[in-house]
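K.L.:
Got a structure for you, questions after.
The values are calculated or read from the model by the stated rules, or taken from the named source; none is laboratory data. As the structure is a prediction and not an experimental result, all values here were calculated from the model. For neighbour counting, all protein chains shown are included, and Cβ atoms are generated from backbone atoms with ideal geometry for every residue, glycine included. Remember, those area values only see protein heavy atoms, side chains included, never the ligands or the DNA or RNA. Shrake-Rupley method; radii C 1.70, N 1.55, O 1.52, S 1.80 Å.
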Amino acid sequence: MFDKSKIKGVIFDLDGVICSTDELHYQAWKALADEIGVYFDRQINGRLRGVSRMASLEIILEKSDKTYSEEEKLALAEKKNDVYRKLLGKMGPEDVSDEVRSTLVALRERGYRLSIGSSSKNTPLILERTDARRYFDAVSDGNNITRSKPDPEVFLKAAQFLNLDPCECVVVEDATAGIDAGVAGGFFTAAIGAACGYERADFNLDTFSDLLGIL
Ligand code: BG6
Ligand code: MG
């Protein structure tokens with residue numbers, strides 16, 4: 001049972017929660033899909049939410065007639081990532097909203113420890129570009145995990161970095177795979193954006209600052 005007085009930390013997914021990189025992922029995957037002649041659209045892109053880079057590629061290649069070797073797949077993923085990182089280079093502090101910033105500041109003032117819990121290996125670059133690293137006590141991301149969401153590893157690491165138990169943390173996610181990961185790890189979960197309304201989540205956030213009504 002949720003008891004606010006027992007909650008000491010909040011773990012945030014990055015893409016789609018702190019900032020919106022979905023469109024940039026879409027553009028980079030679309031460029032790759034067009035190059036290799038594979039059908040790809042925004043609906044398929046929605047399935048990539050919260051999923052690791054290699055698992056995303058597998059989803060995209062479902063529409064391909066060709067069988068790719070592991071080496072070729074790694075090269076394709078790297079190609080997509082090069083395009084994606086160029087797009088990330090254009091991001092700036094304006095890509096994290098005032099609402100997100102003021103909510104993070106208010107949570108810190110209330111004494112919560114905050115961490116990122118993202119599958120993305122580009123987390124350090126995104127936090128740097130958006131000048132958002134300073135709000136978080138810890139960062140757990142695609143660089144410190146071996147299993148992607150819905151496995152809870154990234155959130156369990158985040159809780160460990162914060163020195164908290166999962167039952168003392170709320171995970172905030174825009175991907176159903178991320179909510180599943182939070183539930184699997186024994187965390188309380190709050191769904192936002194694309195995951196809002198997902199029945200497995202403990203809370204639904206219409207907007208980011210709704211967190212201040214829960215915590
Ligand atoms: C997640 C995104 O945050 O990171 C996924 O929701 C993405 O769409 C995943 O595939 C991995 O990102 P990256 O930056 O390591 O390729
Ligand atoms: Mg996300």
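K.L.:
Which of the residues that make up the range 7-24 are farther than 14 Å from D174 by Cα and either in contact with a strand residue (DSSP E or B) (Cβ under 7 Å, 6 or more places away or on another chain) or open to solvent by less than 10 Å² (accessible area, probe 1.4 Å) (or both)?
P.N.:
Within the range 7-24, I7, K8, G9, V10 meet the criteria.
For (1) open to solvent by 20 Å² or more (accessible area, probe 1.4 Å); (2) in a helix (DSSP H, G or I); (3) modelled with pLDDT of 95 or more; (4) not small (G, A, S), each residue gets a yes or a no:
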site	(1), (2), (3), (4)
Q27	yes, yes, yes, yes
A33	no, yes, yes, no
Y39	yes, no, yes, yes
R49	yes, no, no, yes
L57	no, yes, yes, yes
I60	no, yes, yes, yes
Y68	yes, no, yes, yes
E71	yes, yes, yes, yes
A77	no, yes, yes, no
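K.L.:
T21 passes all but one of (1) in contact with an Asp or Glu (Cβ under 6 Å, 6 or more places away or on another chain); (2) of a type in the set (S, T, N, Q); (3) more than 10 Å from ligand 1 (Cβ to nearest atom); which number fails?
P.N.:
If we test T21 against (1) in contact with an Asp or Glu (Cβ under 6 Å, 6 or more places away or on another chain); (2) of a type in the set (S, T, N, Q); (3) more than 10 Å from ligand 1 (Cβ to nearest atom), just (3) comes out false.
K.L.:
On to the next question. Contact list please: Cβ distance under 6 Å, first residue in the range 121-139 and within 13 Å of ligand 1 (Cβ to nearest atom), second residue basic (K, R), pairs at least six apart or on different chains.
P.N.:
L127/R133
K.L.:
Okay, next question. Could we say that L164 is farther than 21 Å from R49 by Cα and part of a strand (DSSP E or B) here?
P.N.:
Answer is no for this residue.
K.L.:
Condition check: within 30 Å of K8 (Cβ to Cβ), more than 16 Å from ligand 2 (Cβ to nearest atom) and part of a helix (DSSP H, G or I). Does R85 satisfy that?
P.N.:
The answer is no for R85.
K.L.:
Check R101, R108 and return the single one that is within 18 Å of the chain's Cα centre (by Cα), more than 23 Å from S148 (Cβ to Cβ) and either part of a helix (DSSP H, G or I) or without any contact (Cβ under 8 Å) to a residue 60 or more places away in the chain (or both).
P.N.:
R101
K.L.:
Out of the residues in the range 142-179 that are hydroxyl-bearing (S, T, Y) and within 14 Å of the chain's Cα centre (by Cα), state the one that is farthest from I7 (Cα to Cα).
P.N.:
Only one residue tops the list, namely S148.
K.L.:
On to the next question. Can you tell me which of A181, A190 is part of a helix (DSSP H, G or I) and crowded, with 18+ Cβ neighbours inside 10 Å?
P.N.:
A181
K.L.:
Looking at G186, G197, G182, which one is farther than 21 Å from K80 by Cβ and under 14 Å from the mean Cα position of the chain (by Cα)?
P.N.:
Just a single option satisfies the conditions, and that option is G182.
K.L.:
Also, quick follow-up: For A194, are the conditions met, namely being within 16 Å of ligand 1 (Cβ to nearest atom) and not charged (D, E, K, R)?
P.N.:
yes
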